[in-house]
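The values are calculated or read from the model by the stated rules, or taken from the named source; none is laboratory data. These numbers come from a predicted model, not from an experiment. Using ideal geometry, Cβ is built from the backbone for each residue, glycine included, and neighbour counts are taken over all protein chains shown.
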Amino acid sequence: MNDSVADRLVIGVGNPDRADDGAGSLVAAQMRALRLPRWRVIVRTGDLLGLLDDWAGAGAVVVVDAAAPLARAGAIHRWTPGREGLPVPPRPRSTHGFGVAEALALAEHLGCLPPALVVYAIEGANFAVGGAMTPAVRRASLALARRLGAGRGVPLGAARAVPVRAP
Amino acid sequence: MTRRRLVVEEIARVEGEGALDLEIEAGQVTVARLRIFEPPRLFEALLRGRDLREAPDIAARICGICPVAYQLGAAQAMERALGLCIEPSVRALRRLLYCGEWIESHALHVVLLHAPDFLGYPDAMQMARDHRAAVDAGLALKRFGNDVLRTLGGREVHPVNVRVGGFHRWPRADELDPLAARAAGARAQAVELLRWAARFDFPAIERDYAFVAMRDAQRYPLNEGRIVSSGGLDIDLDDFDRHFVEHQVPHSTALHAALRGHGPYLVGPLARYALNFDRLPAEVQALAREAGLGPVCRNPFRSILVRLLEVVYACGEVERLVADLRRAPAPLAPALTLRAGVGQGCTEAPRGLCHHRYAIDATGAITSARIVPPTSQNQASIEADLRELASRHLDASDEDLSALCERAIRNHDPCISCSTHFLRLTVRGR
């Protein structure tokens, strides 16, 4: 593979002005700062239907989003959707609630999932407008960016939907 | 006496959050309420004290799907307050921007929210499995609309390029040309979607709406014109208050609106179409007939067809406007001479007429603001739809009646439609 071809894509999802919701944006910013060959970096803060366009043509895609509290702030979950799928809300969502899970479901039905895809969800605790990012979420985001930047945790095969790291 | 009460709670993500109450007693629908209970967002209060030049960007934040409606209404109102004369090329570029919004908003509503109702799917994701071409076409149209917004507005959600008096930055020809190049293909996709949707099975209902929409001197209305109604009203937008009144109802934090001397009225695609059919190009009129529509459509379920006709039209407008704008030099931004006054603006949001009224003082500070969005204007008509539909289907199960009511809401408004997908049904008393 020619290293000048950006066939890897990281998409940071979330609003950096809403505290822990900015985890995905922070990971993306860190990845962008590394200026890694073969990597493109996109931040998605609004219309997540655009994810289907974002990853068109990409070989390997990493999506990073914040998640609602489940265990503890900063816990990182990893999914490989082709194998496990993602939890889709039981009720059909409005377009306002159209998130990563819905985009993946739609892409699956349309046959436009990337050939290799992994989704990281970083548990947040505070999603207030203008709020500061929880330190544990910030640490987790920076750690994930370092791992991805080192070529670890990129989508090469299926994995189970279990926490892989809890700082 | 048999009393039946259906409560559909937590309609989230409307322009407001809401619920539905339906009560039936002795075979009569006694209550049909669209309850909107979201706390007020206070945008009008937020605008007070701000410089008039900030209004377009602040107002745009009201909606992520139709920010242009709020942005252009605010800009237009301020320009009228200051007595600014807006150049034809600026008005044309704004119309082009608005076409982008209509295309993305309508495509989103048609394919992701409305069409599953007619095909028996719970959502577009499930529908995509069997109707991939239609969903692909809808997403492509949405992408095209978004690209128009991004090109002219700087970004697709809450664009930032509109200013009082014009635009901050005039697009280059090499930015406009790709939009025109894609417009014909987008139009063809919209026509195919129209033909697809025309085959749906539409519930038979004709409503006696009082239609209200704008009417442009020459073209199908978007960003300018007079306000007209099916009852013969024909007024300047400055006369809005003389003919329309907002009022509170106990069950909604969104103000209801009424046409003085009449009551509920309907804004949006059905109203625009009925009052402006003659403004559509002959080929769009022919497509309407092919889809089974006459010059007036009173069946709210068929609004999906009207939206698609409007997408077809808007795609054609993109091509025409780009050709015109390529020849237009970038206009000079007019100097703003501040003065105290009142300005009103009115445009056709995808969901219908959106009216703004602002008072400003001699320093350019906004002293009062009032924005009348289409959703609030349509609430009473939506309730009337619910009442009539429920009356015709009293023998339906609670589940079926609830589903029909959800569909009735989705007929009218993408934001309400979004929320109605969240409907939770509670039945109390049979």
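Scanning segment A:15-52 for residues that are within 14 Å of another protein chain (Cβ to nearest Cβ) and either under 15 Å from A:ARG146 (Cα atoms) or buried (at least 17 other Cβ atoms within 10 Å of the Cβ) (or both) yields A:ASN15, A:ILE42, A:VAL43, A:ARG44, A:THR45, A:ASP47, A:LEU48, A:LEU49, A:GLY50, A:LEU51, A:LEU52.
Residues that are within 18 Å of the chain's Cα centre (by Cα), more than 15 Å from B:ARG351 (Cβ to Cβ) and of a type in the set (Lys, Arg) do not occur anywhere in segment B:78-92. Filtering segment B:216-235 to residues that are within 20 Å of the chain's Cα centre (by Cα) and surrounded by fewer than 19 Cβ atoms within 10 Å (Cβ to Cβ) leaves B:ASP216, B:ARG219, B:ARG226, B:SER230. Residues in segment B:109-122 that are under 14 Å from B:ILE65 (Cα atoms) and either assigned to a loop (DSSP other than H, G, I, E, B) or facing chain A (nearest Cβ under 10 Å) (or both): B:HIS109, B:LEU112, B:LEU113. Only one of the numbered conditions (1) in a loop (DSSP other than H, G, I, E, B); (2) at pLDDT 95 or above is not met by B:GLY316, and that is (1). Among the residues making up segment B:243-279, those that are of a type in the set (A, V, I, L, M) and either within 18 Å of the chain's Cα centre (by Cα) or surrounded by fewer than 17 Cβ atoms within 10 Å (Cβ to Cβ) (or both) are B:VAL245, B:VAL249, B:ALA254, B:LEU255, B:ALA257, B:ALA258, B:LEU266, B:VAL267, B:LEU270, B:ALA271, B:ALA274, B:LEU275.
Is there a residue in segment B:298-306 that is over 20 Å from the mean Cα position of the chain (by Cα) and either on the phi < 0 side of the Ramachandran plot or among the aliphatic types (A, V, I, L, M) (or both)? No.
Which residue out of B:THR426, B:THR363, B:THR420 is hydroxyl-bearing (Ser, Thr, Tyr) and modelled with pLDDT of 85 or more? Walk me through it before giving the result.
Details: B:THR426 fails: modelled with pLDDT of 85 or more; B:THR420 fails: modelled with pLDDT of 85 or more.
None of the others qualify; the one that does is B:THR363.
So which residues in segment B:358-368 are touching a helix residue (DSSP H, G or I) at 6+ places or on another chain (Cβ under 9 Å), surrounded by fewer than 23 Cβ atoms within 10 Å (Cβ to Cβ) and in a strand (DSSP E or B), if there are any at all? B:ALA359, B:ALA365, B:SER368 - these are the residues of segment B:358-368 that are touching a helix residue (DSSP H, G or I) at 6+ places or on another chain (Cβ under 9 Å), surrounded by fewer than 23 Cβ atoms within 10 Å (Cβ to Cβ) and in a strand (DSSP E or B). Given the structure, is B:PRO221 touching a residue at least 24 places away in the same chain (Cβ under 8 Å), in a loop (DSSP other than H, G, I, E, B) and within 14 Å of chain A (Cβ to nearest Cβ)? In short, no.
Taking the conditions (1) part of a loop (DSSP other than H, G, I, E, B); (2) touching a residue at least 12 places away in the same chain (Cβ under 8 Å) in turn, B:LEU332 satisfies each one other than (2).
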